[in-house]
Amino acid sequence: MTDSAISEFPVERFIARRRRDASDNRTAGATSRPQTAVAPSRPRPRTKADFAQYRTRPWANVIPFTFSTAIVAVVWIGWLNRDDSGLTPESGVGYWLGIAGSGLMLLLLLYPLRKRMRSLRVVGTVAFWFRAHMILGVFGSVLILWHANFRLGSINSNVALAAMLFVSTSGIFGRYLYSKIHLGLYGRKAVVQEILADADALKGIIGGNLPVADSVVAQLNAFARLGTAAPKGILAGLVFVPVISLRGAAVRMRLIADARQVMAVEGKRLGRSRRVRRQQLACVADHVTLHIAAVKKAAAFAFYERLFRLWHVFHVPLFFLLVIAAIIHVFAAHFF
C-alpha cells in the first residue's frame with residue numbers, strides 16, 4: 001500500500017496553484033493580446049460521474065437480491081418436498097436434471113478458456129462469460145441438488161456432491177472479493193494510486209465548498225493517513241477493515257455536523273435562504289461520503305487483493321477436483 005499519494009497532493013497547494021495559474025493567465029492576456037497565443041491545455045474538471053464507483057446505489061442490488069431470493073426459494077421448496085417429489089437420480093426427471101446440471105457445470109470451463117484464448121472472441125466478451133460463469137454455476141448446483149433429491153447416496157456421488165457444494169460456496173466468496181478489487185463487478189481492476197487521487201480530488205472539492213476549510217481538510221488528512229497505514233497481514237487486515245469502516249462513519253458524521261454548523265452561521269450572515277443552505281449541505285455531504293468511501297476502498301484494497309489471490313489458489317484445483325469426481329460418478333452410475 002502506498003501512503004504517499006495523499007501527502008503528495010495537499011489541498012492547500014492545489015488551491016494555491018489554481019489561483020496562481022488564473023492570475024498568470026490574466027497577466028499573459030493583458031501583455032500579449034496582439035499575438036496569437038495558444039491556450040495551454042487544462043485538465044478536465046472532475047464531475048460526480050468520475051466518482052460513481054464509490055457511490056452506493058440501493059437500486060443496483062434489486063436484481064441480485066431478487067435472483068438470490070428465487071434461488072433460495074427453489075432450494076427450500078426442493079428440501080421441503082424431498083420425500084414427496086418422487087425424483088430419483090437413476091431415472092426419469094431426476095436423471096435428466098443430473099445431466100442438465102452436469103452440462104451447465106461443464107460450461108463453466110468456457111470462462112477461463114475465453115480469458116486465455118483470443119481465438120474465442122467470437123463467442124462473446126470476457127465480461128459476458130464472467131456473468132455466465134456465475135449464473136451457470138448457480139443453476140448447475142441447484143439442478144444437481146434436485147437430481148440428488150437432497151439426499152446422500154453412494155460414496156462417489158457423495159464426493160461429487162460435496163465437491164460441488166464447496167466449489168459453489170467458494171465461487172460466491174470469490175465474487176465478493178472480485179467486487180472489492182475492481183471498479184464495479186464487471187469493471188477493470190482498480191489501482192490504489194487512482195483511488196487515492198480520487199480521494200484527494202474530492203478533498204479539494206470539499207475544501208473549496210466550505211467557508212472554513214482548514215479544520216475539515218485536517219480531519220480528512222488524518223483519516224487518509226489512517227487509511228494508508230493498512231497492515232500487511234491477513235489476520236491484522238481482518239481487524240483493520242471493520243475498524244476503518246467504523247472510523248469512516250464517525251468522521252463522516254462529525255464532518256457533516258461541522259459543515260451544517262458553519263453553513264448555518266455563514267448562510268445567516270450572507271442572507272441565504274434555507275433551501276440554498278440545504279442544497280449546499282447536501283453537496284458537501286455527498287462529497288464527504290464519496291471521499292470516505294474512496295479512502296476505505298484504498299485502505300482495504302491490499303487486504304482483499306491478498307485474499308483474492310489465496311482464494312484463486314484454492315478455487316481452481318477445487319474446481320478440477322469437482323470435474324474429476326463428476327466424471328467418476330457418471331462412469332460408475334452407468335457402468336456399475
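Each row is one residue, and each column tells you yes or no for (1) charged (D, E, K, R); (2) open to solvent by less than 40 Å² (accessible area, probe 1.4 Å).
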{"site": "234", "(1), (2)": "no, no"}
{"site": "269", "(1), (2)": "yes, no"}
{"site": "276", "(1), (2)": "no, no"}
{"site": "284", "(1), (2)": "no, yes"}
{"site": "290", "(1), (2)": "no, yes"}
{"site": "309", "(1), (2)": "yes, no"}
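Residues in the stretch 80-97 that are closer than 9 Å to residue 149 by Cβ and surrounded by 15 or more Cβ atoms within 10 Å (Cβ to Cβ) were compared, and the one that is modelled with the lowest pLDDT is 85.
Restricted to the stretch 98-132, and to residues there that are small (Gly, Ala, Ser) and open to solvent by less than 70 Å² (accessible area, probe 1.4 Å), the residue that is nearest to residue 322 (Cα to Cα) is 102.
When 212, 265, 241, 251 are screened for being at pLDDT 75 or above and open to solvent by 70 Å² or more (accessible area, probe 1.4 Å), only 265 passes. Select from the stretch 311-336 the residues that are touching a residue at least 12 places away in the same chain (Cβ under 8 Å) and open to solvent by 70 Å² or more (accessible area, probe 1.4 Å) and list them in ascending order. Hits for the stretch 311-336 are 312, 314, 321, 328.
The values are calculated or read from the model by the stated rules, or taken from the named source; none is laboratory data. On a predicted model such as this, the values are computed, not experimentally measured, just so you know. All Cβ positions, glycine included, derive from the backbone under ideal geometry; neighbour counts span all protein chains shown. The accessibility values were calculated without ligands, DNA or RNA, using every heavy atom of the protein model including side chains. Shrake-Rupley method; radii C 1.70, N 1.55, O 1.52, S 1.80 Å.
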